[in-house]
Amino acid sequence: MKTFRALVWRDILIGMRASGGAALAAAFFALIIVLAPLGLGPDAGTLRAAGPGLFWIAALLATLLGLERVLQPDAEDGTLDLLRLSPLPLELVALAKIAAHWLTSGFIISLLAPLLAPLLSLDTPAIPILAASLLLGTPGLSAIGTAAAALGTSVQRGGMVLAILVLPLNIPFLIFGASAVSAAQANEDPTQALIFLTAASLIALVVGPIAAAAALRLNED
């Protein structure tokens, strides 16, 4: 586990320092939320209705920004070959990449969202649900994104390819996450949507490392 923790910490540091890392994802997420009232108008009802979907769309797009840098630099500089030779199974290598990507994107977005919620006139009871939905759902986004990044290690400048692969698989997270916040806005119980969101995230966290490891072995051959 020492190697696993070291790999996670290394990728977190790279993500924090890289120009396309944590700061860019957080800034992109915040920019979408800040600009939304300018496009939708000042009407609080309109902003309140659109808010849950806008927050989740912004989170989904923000997590896509750094996917190309999850594994591609390691493939180019030979680090990935060393990781293949290490005693750490590729599934755990992929899980470490998922953890680092989430900590530098999804986790920061989850903390930032409640601070931006008043810009879209979200009701106070819905703000904790917004934060909870992002905390529960964004790990799944990172897992799916990392699996797609593993498939794209053999493709130069494959950012568009990754987006095409990832976006359809992220639709359940968008639906359940936005539904949970909308339910809280309407003074309804968001538990069912949160359960479905958690289930989707757990499935992605189980399947994602396995798929990523299989893709890395396929690219090795």
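All of the numbers you see were taken from the coordinates with simple rules; none came from a lab. Since we're looking at a predicted model, the values are computed, not measured. Cβ: placed from backbone, ideal geometry, glycine included. Neighbour counts: every protein chain shown.
If each DSSP helix of 4+ residues adds -39,500 (n - 2.57) and the sum is divided by the residues in the chain, what number results at 222 nm, nearest 500 deg cm²/dmol? Please list the in-between numbers first.
Numbers: 10 runs with 181 residues, N = 221.
Roughly -28000 deg cm²/dmol at 222 nm, from the helical runs in the chain.
What label, among (1) 55, 45, 31; (2) 56, 33, 30; (3) 53, 41, 32, belongs to Cα extents along the principal axes in Å computed from the structure on display?
Correct label is (2).
For the chain, which DSSP H helices look membrane-span-like by this rule: Cα extent along the axis of 24 Å or more and mean Kyte-Doolittle of at least -0.5? Could you put the intermediate results ahead of the total?
Details: long enough: 22-40 (28 Å, 2.55); 44-64 (30 Å, 1.31); 126-151 (37 Å, 1.67); 159-185 (36 Å, 1.81); 191-220 (43 Å, 1.48).
Correct list, ordered by number: 22-40, 44-64, 126-151, 159-185, 191-220.
Work out the charge dipole of segment 2-220 with +1 on the Cβ of Lys and Arg and -1 on the Cβ of Asp and Glu about the Cα centre, then indicate which of L151, P128, N170 is farthest towards its positive end.
L151
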